[in-house]
Amino acid sequence: MVLETQFPSLTEWFKPAALAWIIRIGSFCLIALALGFLITGVRMGPKRSWAIVKGAIKNAFSDLAHLSFKRIFAVAMLSFKEAIRRKILIGFVVFIIVLLFAGMFLDPSSQDPARLYINFIFWVNNVLILLLALFISSFSIPNDFKYKTIYTLATKPVRSGEIVLGRILGFTLMCSAMLIVMGVLSYGFVIRSVAHTHKLTSDDLRYVATTQEGAQALEGKTSTVKEHKHSVYLSPEILKDPAGKTVMTEPTNGHTHQITIVGQGKDRQYKLSGVKNMFTARVPIYGNLRFRDTTNFDTNKGINVGDEWEYRSFIQGNSPAALIWLFKNIKQSSFPNGLPVEMTLGVFRTHKGNIERGVMGGLAIRNPDTGLMVETHLFESVEFNTKRLLVPLKIKPASRPQVISSKTKLSNGNVVHDIPENKLNQAYAQKAEFDLFKDLVTADGRVEIWVRCLDPMQYFGAAEPDLYIRAYDAPFALNFVKGFVCIWLEMFLIIVYGVTLSSLLSAPIAILGTIFIMITGVFHNYVLQLANGLTEGGGVLESMYRLLRQDNMITELPDNVLGDVISMSDQVINYIIGFVGYLAPDMNQFANSEYVASGFDIPWNLMTIDALTALAFFIPLYIFGYLCMKLREIAA
Amino acid sequence: METDVIIETRNLTKTYRDFWGRQKVRALSALDLKIYRGEIFGLLGPNGSGKTTTTKLLLGLLFPSSGEALVFNNPADDVSKNERIGYLPEESYLYKFLNAEETLDFYGRLFRLPTNVRRQRVRDLIEMVGLGWAKRRQLKEYSKGMTRRIGLAQALINDPELIIMDEPTTGLDPIGCREMKDLILDLKRQGKTILMCSHLLADVQDVCDRIGILYQGELKEMGRVSDLLQVRDVTDIQTTKLPPEAEAEIRRVVERFGGQVKSYGAPSASLEELFLKVVEEGKTHPGKRYQASEQATGDSKPFEANQKKEG
Ligand SMILES: Nc1ncnc2c1ncn2[C@@H]1O[C@H](COP(=O)(O)OP(=O)(O)O)[C@@H](O)[C@H]1O
Ligand SMILES: [Mg+2]
């Protein structure tokens, strides 16, 4: 899965979303009223049913004004008790235990155990809680009708709106309690599953020479636990006075351990800590990626190295071609130690080269206002290995600094420069040491990072999120909670759909309906494409026609009445699909466990948008459920 | 006075239709009815005559096909009327997973009763319907009669002005029936208005002020029970037990006034009265009342045996 990096900011998102929301409220109300009118109309004629619908609209406002939290809460507690007394939960608890037991068979010695365990845990929790939510929410109101308990309920001064809201609240409380318990268990499970430490004795280490004259370092490997070991390197500085010092082991399988050295001389011992740095919640700052081609022009895309669906775009080695990320709002106060840059590049080799060694690359920083570019690092890159580099505050250039402009060719053939050629001042480059924030970051915090491939005939590839500045690390536990909050939001939406649909439909139909809407939500983008006629092979009937005739996808429809009928019906079907698509939220935006699994903080921006989306669907659906319930002839 | 009309129906009609709108049953046709404050109105009729349909229409559980139903001068679909209504449905439609206390507490909350009032009322009602011993048991363990009792308590949780009861005595044993009837009379004394449906003539006769008789959805008869039941060409005399020789003389006297004696002899008690008496005695004199030996020896019927003992 590819992590989304470009979200609309809250303000950008809000206006179209608010508009869509108002339309959605209107649509849900109209559907409910129309359904109510139709159903009562069939039973007692249009005149009578019109009066009923009119009455419902008139009453809606007084009902809203009379909403009583006390009654809502009473219904909520009833729902809560019902779920518990009917012992629905026991089944689920058993299921959890079984699944966690299954989790024992996950391989803790895998390359990336954190990802493995977190993905597993989130998957289990997601499936479980969504199933639970779906089933308990869809049965309650239909059961009220089936066992006629609704007769007693509806003859009390409780409003339809309060029944619907109370049910939603009750099930939400119950599932939340469930999710909290499951979350705590899961967190413990993940942490415990990967927990281990290694042993390191003096026998594991041997002296090695260093570049420093006469100085020796210690090198070695820890004992093997969970099928891996860590390399250890004790530098001459440490060895000068080792007692009480701490060092980190080299990372293996995505984690390290801290070594504390105790004792002197022959009594020297090494104590290794538990797992460190395995669970992170990096908060990245992403830039905008552009490419510079071999002729020094900027483009939006690099070279395609063969795979048509390649997500990364490539640049050629040993040429002016570069991957360029422009960052904004980089402030010195947030980066007192320099810019921590992390990148995961795609490496494409046209020849093996030295297979022992990675492909060489260079990382440079450029000031987009002055054009000064300073190379800070030369590095070896292995495909999909995450490289961490710190661009220090005081930079000694790794190669000769330059002052250059960036140029683009417009579609009409004109060339534009970001800095006019005659404004380039080569004097900026005349320094032995550069200050990161004074020389290379503009006053408003813009800075460019350029990555080049230095080996001829080799290629580097990247997509926008492949390089980022690691602003800081958020607490992992918080990120785990955020991941669960996203599951919670999904669960909440399912409860809302389940309860509202079941206020009109029987339980099995409500369950099917909710599943249908959720699936529509998962394929949200595809559904919208289908609705807008953007899919390959045309509309539903058109492709069905081709399938039946075994034509291929680009055969024209027959140029006769049949063809016209097919394309016209497809238009209508597209409208309907579009409408249904509109009534379902984009469920993908809630599936954020990948962030947690790959060690990235779930952006607050995304969390807020998700929460608002859930709320935005809840309100119209609630009104829908209320109206359905209100227009329903209870004892019919 | 107009405000004293608690229930009013005008031309109230209900036709049940199936899903496709095809007419199935005309359950109620053009019912005009007024029920006044403080009276007990009995809706009488055989099974399927439209009694339950009428109550559901009054409660807003059904939408009328035509005509209208007013309760407290408000249309029946107005939820706020429910504040002042208690409803005892045909069967108790209650949540089986709650116990008696929780059930009453839940419905009490729906009326937003203050906590202390609610607690007190839950206690009193459980006491009143005699379920104190089973108040912590889930309703799914209740017998039919117990469920009925808790259903009644539920209907009274809001101290309603109007109580609508659908077959209040079904599922109750004769003592329960008696208690129910006593309770209904008691509620009347408190000034409540009661509408009860029943097909049991005795129930209605014992407690109702006015009755309406429904047959196949149509109101056939309505009026005060005393007026309706007064048999104008018969005179009824009851005296203490007389010697046999009195009979001839009494007949003579009756004939002298142009009358005719239709029956003469000891009145037979109703089975209900007998049953109540037996149980009442059982409370004061525990142990077996009916002697098995007597049954074994005598070929007399059990009830005669009882009569003998009384005598
Ligand atoms: N939900 C329903 N759908 C169709 N017919 C019904 C429904 N409820 C009652 N009926 C019919 O309406 C008539 C009146 O029923 P009801 O009011 O329950 O009678 P009662 O309470 O006097 O026994 C009966 O013929 C019954 O079959
Ligand atoms: Mg009935």
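Report, by residue number, each residue of region A:107-151 that is within 14 Å of another protein chain (Cβ to nearest Cβ) and touching a Phe, Trp or Tyr at 6+ places or on another chain (Cβ under 7 Å).
Answer for region A:107-151, where residues must be within 14 Å of another protein chain (Cβ to nearest Cβ) and touching a Phe, Trp or Tyr at 6+ places or on another chain (Cβ under 7 Å): A:I136, A:Y147, A:K148, A:T149, A:Y151.
Name, by its number, the condition in (1) modelled with pLDDT of 80 or more; (2) surrounded by 13 or more Cβ atoms within 10 Å (Cβ to Cβ) that does not hold for B:V225.
Unmet for B:V225, out of (1) modelled with pLDDT of 80 or more; (2) surrounded by 13 or more Cβ atoms within 10 Å (Cβ to Cβ): (1).
Of the residues A:A154, A:A177, which single one is within 14 Å of chain B (Cβ to nearest Cβ) and of a type in the set (G, A, S)?
A:A154
Residues are listed down the side, and each one gets a yes or a no for (1) facing chain A (nearest Cβ under 7 Å); (2) free of Cβ contacts under 8 Å to residues at least 60 places away in the same chain:
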residue	(1), (2)
B:K51	no, no
B:L62	yes, yes
B:G67	no, yes
B:P89	yes, no
B:K96	no, yes
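Inside region B:61-85, can you point out the residues that are closer than 19 Å to B:Y107 by Cβ and either within 16 Å of ligand 1 (Cβ to nearest atom) or assigned to a loop (DSSP other than H, G, I, E, B) (or both)?
B:L61
Any idea how many residues of region B:31-60 are within 20 Å of A:A635 (Cβ to Cβ) and either in a strand (DSSP E or B) or within 16 Å of ligand 2 (Cβ to nearest atom) (or both)? So that I can check it myself, show each step before the final result.
Let us first name the residues in region B:31-60 that are within 20 Å of A:A635 (Cβ to Cβ), namely B:31, B:33, B:43, B:45, B:47-60.
Subset that is either in a strand (DSSP E or B) or within 16 Å of ligand 2 (Cβ to nearest atom) (or both): B:31, B:33, B:43, B:45, B:47-59.
Counting residues in region B:31-60 that are within 20 Å of A:A635 (Cβ to Cβ) and either in a strand (DSSP E or B) or within 16 Å of ligand 2 (Cβ to nearest atom) (or both) gives 17.
Could you tell me whether region A:546-562 includes any residue that is touching a residue at least 24 places away in the same chain (Cβ under 8 Å) and among the aliphatic types (A, V, I, L, M)?
no
Taking the criterion of being within 27 Å of B:Y215 (Cα to Cα), assigned to a strand (DSSP E or B), under 13 Å from the mean Cα position of the chain (by Cα) and not charged (D, E, K, R), would at least one residue in region B:165-178 satisfy it?
Among the residues of region B:165-178, at least one is within 27 Å of B:Y215 (Cα to Cα), assigned to a strand (DSSP E or B), under 13 Å from the mean Cα position of the chain (by Cα) and not charged (D, E, K, R), which makes the answer yes.
Within 14 Å of another protein chain (Cβ to nearest Cβ), assigned to a helix (DSSP H, G or I), surrounded by fewer than 22 Cβ atoms within 10 Å (Cβ to Cβ) and of a type outside the set (S, T, Y): is that true of A:I97 in this structure?
no
Name the residue, out of A:S399, A:S411, A:S406, that is among the small types (G, A, S) and buried (at least 18 other Cβ atoms within 10 Å of the Cβ).
A:S406
Read through the list (1) assigned to a helix (DSSP H, G or I); (2) at pLDDT 70 or above; (3) surrounded by 10 or more Cβ atoms within 10 Å (Cβ to Cβ), then give the number of the only condition that B:Q295 fails.
(2)
Output the number of residues of region B:136-151 satisfying the condition of being buried (at least 18 other Cβ atoms within 10 Å of the Cβ) and more than 16 Å from ligand 2 (Cβ to nearest atom).
Summing the residues that are buried (at least 18 other Cβ atoms within 10 Å of the Cβ) and more than 16 Å from ligand 2 (Cβ to nearest atom) in region B:136-151 gives 6.
Got a number for residues in region A:200-254 being within 27 Å of A:R388 (Cα to Cα) and in a strand (DSSP E or B)?
Residues meeting the conditions: 19.
Which ones in region B:69-87 are within 7 Å of chain A (Cβ to nearest Cβ) and either without any contact (Cβ under 8 Å) to a residue 60 or more places away in the chain or crowded, with 19+ Cβ neighbours inside 10 Å (or both)?
Scanning region B:69-87 gives B:D77, B:V79, B:S80, B:N82, B:I85, B:Y87.
In region B:14-27, is there at least one residue being buried (at least 24 other Cβ atoms within 10 Å of the Cβ), within 22 Å of the chain's Cα centre (by Cα) and in the same structural domain as B:L185 (by TED's automatic domain parsing)?
Checked against the condition, which is being buried (at least 24 other Cβ atoms within 10 Å of the Cβ), within 22 Å of the chain's Cα centre (by Cα) and in the same structural domain as B:L185 (by TED's automatic domain parsing), region B:14-27 yields no hits at all.
Considering each of B:T3, B:T9, B:T13 in turn, give the residue that is modelled with pLDDT under 90, more than 9 Å from ligand 1 (Cβ to nearest atom) and β-branched (V, I, T).
Working: B:T9 fails: modelled with pLDDT under 90; B:T13 fails: modelled with pLDDT under 90.
Result of the check over B:T3, B:T9, B:T13: B:T3.
Can you name the residue in region A:35-83 that is more than 9 Å from chain B (Cβ to nearest Cβ) and more than 29 Å from B:S65 (Cα to Cα) and, of all such residues, is modelled with the lowest pLDDT?
Among those that are more than 9 Å from chain B (Cβ to nearest Cβ) and more than 29 Å from B:S65 (Cα to Cα), it is A:A65.
So how many residues does region B:98-130 have that are within 8 Å of chain A (Cβ to nearest Cβ) and crowded, with 18+ Cβ neighbours inside 10 Å?
The number of residues fulfilling the criteria is 7.
Quick check: is even one residue across region B:25-42 more than 30 Å from B:D206 (Cβ to Cβ) and either more than 7 Å from ligand 1 (Cβ to nearest atom) or at pLDDT below 90 (or both)?
In the first step, residues of region B:25-42 are kept if they are more than 30 Å from B:D206 (Cβ to Cβ); the result is B:25-26.
Of the ones still in play, those that are also either more than 7 Å from ligand 1 (Cβ to nearest atom) or at pLDDT below 90 (or both) are B:25-26.
Checked against the condition, which is being more than 30 Å from B:D206 (Cβ to Cβ) and either more than 7 Å from ligand 1 (Cβ to nearest atom) or at pLDDT below 90 (or both), region B:25-42 yields at least one hit.
From the residues in region A:135-158 that are of a type in the set (K, R) and part of a loop (DSSP other than H, G, I, E, B), which one is surrounded by the fewest Cβ atoms within 10 Å (Cβ to Cβ)?
Applying the filter and picking the extreme gives A:K148.
Please work out which residue is nearest to the other protein chains (Cβ to nearest Cβ), limiting yourself to region B:152-170 and to residues that are within 16 Å of ligand 2 (Cβ to nearest atom) and touching an Asp or Glu at 6+ places or on another chain (Cβ under 8 Å).
Among those that are within 16 Å of ligand 2 (Cβ to nearest atom) and touching an Asp or Glu at 6+ places or on another chain (Cβ under 8 Å), it is B:D166.
Condition first: exposed (fewer than 14 other Cβ atoms within 10 Å of the Cβ) and modelled with pLDDT of 80 or more. Now tell me which residues in region A:349-366 satisfy that. Steps first, please.
Taking region A:349-366 as the starting set, the residues that turn out to be exposed (fewer than 14 other Cβ atoms within 10 Å of the Cβ) are A:350-352, A:354-357.
Answer for region A:349-366, where residues must be exposed (fewer than 14 other Cβ atoms within 10 Å of the Cβ) and modelled with pLDDT of 80 or more: just A:T350.
Kindly indicate which of A:I566, A:I602, A:I634 is of a type in the set (V, I, T), assigned to a helix (DSSP H, G or I), out of contact with any Ser or Thr (no Cβ under 6 Å at 6 or more places or on another chain) and not assigned by TED's automatic domain parsing to the domain that holds A:I52.
After applying the criteria, what remains is A:I566.
Please enumerate the residues belonging to region A:157-173 that are among the hydroxyl-bearing types (S, T, Y) and within 29 Å of the chain's Cα centre (by Cα).
Quick first cut of region A:157-173, residues among the hydroxyl-bearing types (S, T, Y) only: A:160, A:172.
Within region A:157-173, A:T172 is the sole residue that qualifies.
The values are calculated or read from the model by the stated rules, or taken from the named source; none is laboratory data. Computed from a prediction, not measured in an experiment: that's the story for all the values here. Don't worry about glycine lacking a Cβ; one is built from the backbone with ideal geometry, like all the others, and counts go over all protein chains shown.
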